[in-house]
Amino acid sequence: QKEEKMIDFEQFRSKAEVIKYLKATKDISCRTTKEAEKYLRAHLPKESYYQDKIIKHIKEILPSSFVWKAAAGPYSRQGIPDVCAVVNGRYYGFEVKRPFIGVLSKIQERTIMQIRAAGGKAYVVTYPAEVTRILQKEIGGDPPSEK
């Protein structure tokens, strides 16, 4: 059994691009789009992996922020973004989705709209770099240049 190399999914701009890569890579046996999609679902990190990265990232770039992971359970409100932060007195909600396959539920869409209507800020994100761009005004300065 040969060891699988970790794929850096951040390098891809679209689902079509990652599927094309999976089908073209010799050591990954995906001949069809369906096989590539199945491989992608099985090998992408879980949402919690991205949530943890984003929480750590916000604390690192804005140490004075108050950041927490929203708890889900039978007594909690449904649809609250996964990662919540108060930065310079403003509420930010970040609904974290897995790249290429994550989809918002109807309750999540509604909750994001309600947060925005109430004056808070709510976004759907995957990577820490997206959060940096969103919080750029809070950090101060110009947004970082794209790679």
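The values are calculated or read from the model by the stated rules, or taken from the named source; none is laboratory data. The shown structure was predicted, so the numbers you read here are calculated from the model rather than taken from an experiment. Here the Cβ positions follow ideal geometry from the backbone for every residue, glycine too, while neighbour counts run over all protein chains shown. What goes into the accessible areas is simple: the full protein's heavy atoms, side chains included, and nothing from ligands, DNA or RNA. Shrake-Rupley method; radii C 1.70, N 1.55, O 1.52, S 1.80 Å.
With the simple model of a label 7 Å out from the Cα in the direction of the Cβ, Arg77 to Thr25 spans 4.1 nm. For the set Lys34/Lys69; Lys20/Lys53; Lys53/Lys121; Lys34/Lys56, the pairs lying more than 25 angstrom apart at their alpha carbons are Lys34/Lys69; Lys20/Lys53; Lys34/Lys56. In order along region 37-47, phi translates into HN-Hα couplings of 5, 5, 4, 4, 4, 6, 10, 5, x, 5, 4 Hz, rounded to whole numbers, per the Karplus curve 6.51 cos²θ - 1.76 cosθ + 1.60 with θ = phi - 60° and x for Gly and Pro. Computed from backbone phi with θ = phi - 60° and the Karplus coefficients 6.51, -1.76 and 1.60, the 3J(HN,Hα) list for region 56-65 is 4, 5, 4, 4, 6, 7, 9, x, 7, 6 Hz; x is used for glycine and proline. In this Cβ point-charge picture (+1 for Lys and Arg, -1 for Asp and Glu), region 12-143 has a dipole of about 380 debye about its Cα centre.
The residues of the chain present an accessible area of 66 Å² per residue when probed at 1.4 Å with all protein chains retained.
Return the calculated 222 nm mean residue ellipticity for the chain, to the nearest 500 deg cm²/dmol, obtained by summing -39500 (n - 2.57) across DSSP H runs with n ≥ 4 and dividing by the residue count. Present the calculation step by step, with values, prior to reporting the outcome.
Numbers: 6 runs with 59 residues, N = 147.
The helix-only estimate for the chain comes to -11500 deg cm²/dmol at 222 nm.
In this structure the amide hydrogen of Tyr91, modeled in the peptide plane, comes within under 5 Å of the amide hydrogens of Lys121, none closer than 5 places in sequence on its chain.
P(r) for region 31-111, from all Cα pairs and a bin width of 10 Å, is 16, 40, 30, 11, 3, 0 %, short bins first.
Annotation: Cα Rg of region 53-97 relative to the compact-globule expectation 2.2 N^0.38 Å equals 1.17. For region 23-78, the percent of C-alpha pairs falling in each 5 Å distance bin, counted from 0 to the bin holding the largest distance, reads 4, 15, 14, 13, 12, 13, 10, 10, 7, 2. What fraction of the Cα pairs in the chain, stated in percent, has a spacing above 25 angstrom? Taking all Cα-Cα pairs of the chain, the fraction more than 25 Å apart is 39 percent.
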